[in-house]
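This report concerns only the one structure given below.
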Amino acid sequence: MPLNRLVKQDRMGAFLKDGKSMLLAYDQGLEHGPSTDFTDKNVDPAMIMETAAKGKFSGVVFQKGVAERFYDGRVPLIVKLNGKTSLPKGEPVSRQVCSVEQAVSLGAKGVGYTIYLGSQFEGEMFAEFGKIQEQAHERGLPAIAWIYPRGAAVQNDTSKEIVSYAARAGLELGADAVKIKYTGDPATFAWAVKSAAGVRVFMSGGPKAPTDDDFLKQVKGVIEAGATGLAVGRNVWQNADPLAMADKIRKIIFS
């Protein structure tokens, strides 16, 4: 007799179309600083808001300060609740800088939190995310975990074993979705998707790929592996034609 699986509410519904999703991420300003990723054009968050709306993204990701000043309600909002800069060295840790309550007041339909799996500080981030997840679920919001294996204990952060560990950690911690790196091919990434056991899996867009075709090949592999979609930033808003790139990505995800 087959086991019955209890089907839980999919809190990611605001960000889904036919079970797929395409998020525009713009939380890099705090993480990397303005000189690393931005040009005179994309340093303006208003440009990102326009790209999210005109590019028909399923959602946009902002830190609270950007959301307060530039979010206009045209696409669903995810507010990142923690962050760090690239200035301190050593084992990574990212602490909460915004409450779930504040995110809701800004219009958020979901909240995000980064966990550096493998860092000596992972326990602190687990505990913080645990409280955030409970508070978000009390309000019917999804809690999305950016899970990036990092630190001295992590030798290869895109290996099948490490990426699937990240996906599984999201399930075990109660995340509604995980944002993880791509392993490099559909077969190994499919194991990460399976390891998430129903938690929505998004590929992290990462730094600008050498060519558009290189990045689009990754997107095709992610969808072939059974993932929900991707959370992309630099490979769209650093592109010479962000809306054209968004259109190419959208056709792959929603075809």
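Relative to the globular-protein estimate of 2.2 N^0.38 Å, the Cα radius of gyration of the stretch 11-250 stands at 0.92. Between Ala53 and Lys41, full extension at 0.36 nm per residue minus the direct alpha carbon distance yields a gain of 2.6 nm. Working from label points 7 Å from Cα in the Cα-to-Cβ sense, the Leu106 to Thr158 distance is 3.0 nm. A crude spin-label estimate for the pair Lys248 and Lys194, with each label 7 Å from Cα along the Cβ direction, gives 3.2 nm. Between the amide H of Gly59 and those of Met22, Leu24, distances stay under 5 Å, these residues lying 5 or more places away or on another chain, with hydrogens modeled in the peptide plane.
Laboratory data are not the source of any read-out in this text; all were calculated from the coordinates shown. Keep in mind that this is a model prediction, so the values were computed, not measured. Backbone-built Cβ (ideal geometry, glycine too); neighbour counts: all protein chains shown.
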